[in-house]
Amino acid sequence: MNFLRNRLVVLGLVLLATLLLYLMGLIATPPPPLPTINVSIRTGQLPGDPPLFFREALPIDGAGRQILLQVVLLHGQAFTSKTWEELGTMALLATNGYQALAMDLPDGALRFLDRIAEELELPMKKIEVWPDRVVSIMTWEGKNPSLKSILLNSHTDVVPVFQEHWKYDAFSAFKDAEGNIYARGTQDMKCVTIQYIQAIRRLKAEGHRLMRTVHLMFVPDEEVGGHKGMETFVKHPEFQKLNIGFALDEGLANPGEAFTVFYGERNPWWITVHCPGSPGHGSRFVENTAAEKMRQVINSFLNFREKEKTRLNTSECFTLGDVTTVNMTMVKGGVAYNVIPAEMDVSFDLRIPPTVNLQEFEAQIKQWCKEAGEDITYKFAQKHMNQDVTSTEESDPWWSAFSGACKAMNMRLEKEIFPAATDSRFIRAVGIPAIGFSPMNRTPILLHDHNEYLNEQIFLKGISVYERLIPALASVPAFPDEV
Ligand SMILES: [Zn+2]
């Protein structure tokens, strides 16, 4: 028995030594370098909901060759599988006998846009305007690219949803029996984004080549103020290079037959008025209290609010964009029931039309504070001073092209000042005329609302609208300074 056990131990040791020698041999003598070979890159879709898009690089003349390893490439949100291809990484891996696979996870509008650009055969540029904030631009070059271009702008972000208030899943794009498509962004403003793309697709398919260059721009962060998006990008050298002459951006739905167009925007002012006063015991008549001053301030602001409200309700031709709205939104002060506080703060949200003289308006606020008592100060959390409006005179060539095309389609336009704020204000601020327009008539205004929807017929008609509008704008004859 002992003999047999010893033999087994010896055999085991021999086997172990053989294995070690084999492995050491592997390390000591690396495989010879692989010859350079041709590579093919193919794209495809893996079924699923939503489907997965992938790019795969393989050696072409690798018949009989063994694929050493499959390499799966991953990428951040700002990039796509196309980026790996462009960097040459996929080809490099395939050349060395690896099968390289890059997959686009269906989590971003950016990847969707890449595929659209490929399909439309339009070059796509991406500019990181802020860390992790990318502006994408597809360009359809005109016959005369030295002329000023047309910008078709859309923002890719949406506001949050409260699913419990929705009739259908807010991200399922459910279409009901009447053809109403429910989804966040159907009005604000994915409808317009898709309509731009489809209109360009049709125009290209029909063999058109427009005179002026058309840029399709996709920006982030509009819904959170545009600071990391359009506001920063309009100052970027890449923006200057686009040489934009006229811009289209989002508008609002119109519940009636007409279509609303926006040629300016109100200026948001967020102001806090600080009222210091004499403190004291809650049982006495203390003079010069913070509350008395604050009451005066509130009265002045809210009296003005009443006047503006009356003006809106009594004038047929006024819309919300034509008047200043005032709302008292925050009050701060006090420590106990029986202590008269030494200071109180009151805050207001004001939205002022671009037609108001903003310097005079601020002088008015200063006067209200002065009348309310001593040492009252105010501070702005936000104070936009943009008084640019886009011309809607028939003599203006851009407006004439826009309104002419609408007229030819029997569309009635209602010109308004946008009651809130969009990225158009940054475009106008750098001197570019911009019109806010989303072709949605017979539609309730549901942007940012629960159960946002758009009827499919209205949506489809919008594509035809842009199919006429885009060529009209891109055919505006050269200006004297454009040569
Ligand atoms: Zn929007």
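Annotation: peptides 205-215, 152-162, ranked by per-residue average of other Cβ atoms within 10 Å with the highest first, follow the order 152-162, 205-215. Post the alpha-carbon centroid distance, the stretch 430-470 to the stretch 344-383, in whole angstrom. Value for the Cα centre distance between the two parts: 35 Å. Distance from a point 7 Å along Cα→Cβ of T329 to each backbone N in the stretch 387-426: keep the residues under 20 Å and list them by number. Output list for this probe position: 387, 418-426.
Of all aspartates and glutamates in the structure, those lying under 15 Å Cα to Cα from K167, and not within fewer than 8 positions of it along the same chain, are D176, E178, D449, E452. Cross-link partners for K307 among the lysines, with Cα-Cα distance under 28 Å and sequence neighbours closer than 8 places in the same chain left out: K293, K332, K366, K370, K379, K383, K415. Bridgeable lysines around K125 (alpha carbons under 21 Å apart, same-chain partners fewer than 8 residues away excluded): K82, K143, K148, K190, K204, K228, K235, K241.
Just so you know, all these numbers are worked out from the coordinates, no wet-lab data involved. Since we're looking at a predicted model, the values are computed, not measured. When we count neighbours, we look across all protein chains shown, and the Cβ atoms used for this are built from the backbone with ideal geometry, even at glycine.
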